[in-house]
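Peer 1: Below is the structure I would like to discuss, written out as structure tokens.
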Amino acid sequence: MSEQVKDDAGNVKDSYGPFYRLYYSRDWGQSWWNAHTLASSPMRVAYAPSDNSRAYAASTSGAFYRNNHGGEAGWFEPASASNKPPVGTITSINR
């Protein structure tokens, strides 16, 4: 779905998107910042129960990402070409 920017009268001024982003908040959800833009929609996000600074995310295209900074900047794909998960939707992230 694309996003729309409207003027005060409700007329569409601009349209953009879709964007496939992961967001984070430092103030209990009062404000949100873009942490990473994915190639497809985020499907699942989970934090490691043994380390709350490590987060994982899976996308609808089967890509898998890791973050070692509490979900903020620094997302990366931990797998190399030889050990990537098979292409497809990841429906769960097990701890």
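The values are calculated or read from the model by the stated rules, or taken from the named source; none is laboratory data. Just so we're clear, the structure is a prediction, and the values are computed from it rather than from any experiment. FYI the Cβ positions are ideal-geometry reconstructions off the backbone, even for glycines, and counts take in every protein chain you see.
Peer 1: List the strands (runs of 3 or more DSSP E) that sit entirely inside segment 1-58 and contain at least 3 residues that are at pLDDT below 90, over 25 Å from residue 94 (Cα atoms) and over 9 Å from the mean Cα position of the chain (by Cα).
Peer 2: Because the criterion is at least 3 residues that are at pLDDT below 90, over 25 Å from residue 94 (Cα atoms) and over 9 Å from the mean Cα position of the chain (by Cα), the strands (runs of 3 or more DSSP E) in segment 1-58 that meet it are 3-6, 12-16.
Peer 1: Can you tell me how many residues within segment 16-45 are under 16 Å from residue 77 (Cβ atoms) and hydrophobic (A, V, I, L, M, F, W, C)?
Peer 2: Count: 6.
Peer 1: Let me ask something else. Would a scan of segment 70-86 turn up a residue that is at pLDDT below 80, part of a loop (DSSP other than H, G, I, E, B), touching a Ser or Thr at 6+ places or on another chain (Cβ under 9 Å) and farther than 21 Å from residue 35 by Cβ?
Peer 2: no
Peer 1: Still on this structure, please answer the following. Every residue in segment 36-68 that is within 26 Å of residue 18 (Cα to Cα) and either out of contact with any Phe, Trp or Tyr (no Cβ under 9 Å at 6 or more places or on another chain) or of a type in the set (S, T, N, Q) (or both), please.
Peer 2: Within segment 36-68, the first condition is being within 26 Å of residue 18 (Cα to Cα), and the residues that meet it are 36-47, 55-67.
Selection gives 37, 40, 41, 43, 59, 60, 61, 62, 63, 67.
Peer 1: Out of segment 17-70, which residues are surrounded by 14 or more Cβ atoms within 10 Å (Cβ to Cβ) and touching an Asp or Glu at 6+ places or on another chain (Cβ under 7 Å)?
Peer 2: Of everything in segment 17-70, those that are surrounded by 14 or more Cβ atoms within 10 Å (Cβ to Cβ) and touching an Asp or Glu at 6+ places or on another chain (Cβ under 7 Å) turn out to be 24, 35, 63, 64, 65.
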